[in-house]
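Each remark here refers to the structure printed beneath this line.
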Amino acid sequence: QVQVVESGGGLVQPGGSLRLSCVGSGITFNIYDMRWYRQAPGKQRELVAGITISGSTNYADSAKGRFTISKDHAKNTAYLQMNSLQPEDTAVYYCNAHLARFDFWGQGTQVTVSP
């Protein structure tokens, strides 16, 4: 059974940092493109950052210069380091493992940025 589990969310003040983790079981992340999405209340889910099998990264304009996606094959874990967080970053953050027509999602982790 495949499981993708996010952690690391929480409440942080504006300007603060969080590191989200995404751990897989029953799935080997090193053959999947890994992506982080987020969904704010009343909004559509949006792609925040992605990292390919080869390690190439891409970011939403809102994340460039502040967020960093990475992965550790040995730990079968993907990360999203988020710095300089702002209230508009408040959302549920989801990890996605993508390979061709296969997509596996985690349950999401809440990030709230508030004074």
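See the values below:
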| item | result |
| --- | --- |
| Förster radius 25 Å - calculated FRET efficiency between SER17 and SER54 (Cβ-Cβ, nearest 0.05) | 0.40 |
| Relative pair counts by distance (%), Cα atoms of the chain, 5 Å bins | 2, 13, 24, 26, 19, 10, 5, 1, 0 |
| Amide N proximity, segment 80-115 versus GLN3 label position 7 Å along Cα-to-Cβ, cut-off under 13 Å | 106-107 |
| Amide H within-cut-off set for GLY106, under 5 Å, with H built and near neighbours excluded | CYS95 |
| Heavy-atom accessible area per residue - the chain, 1.4 Å, Å² | 52 Å² |
| Solvent-accessible area, 1.4 Å probe, carbon plus sulfur percent, for the chain | 49 percent |
| R0 of 25 Å, Cβ-Cβ distance PHE102-LYS75: FRET efficiency to nearest 0.05 | 0.75 |
| Mean separation of Cα contacts under 8 Å (6+ apart) over length of the chain, as relative contact order % | 37 percent |
| Kirkwood Rh, angstrom, segment 44-103 [1 / mean 1/r, Cα pairs] | 12.7 Å |
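The values are calculated or read from the model by the stated rules, or taken from the named source; none is laboratory data. Here the structure is a predicted model, which means the values were calculated and not measured. Counting neighbours? That spans all protein chains shown, and the Cβs are built from the backbone with ideal geometry, glycine included. SASA here: full protein model, heavy atoms, side chains in, ligands and nucleic acids out. Shrake-Rupley method; radii C 1.70, N 1.55, O 1.52, S 1.80 Å.
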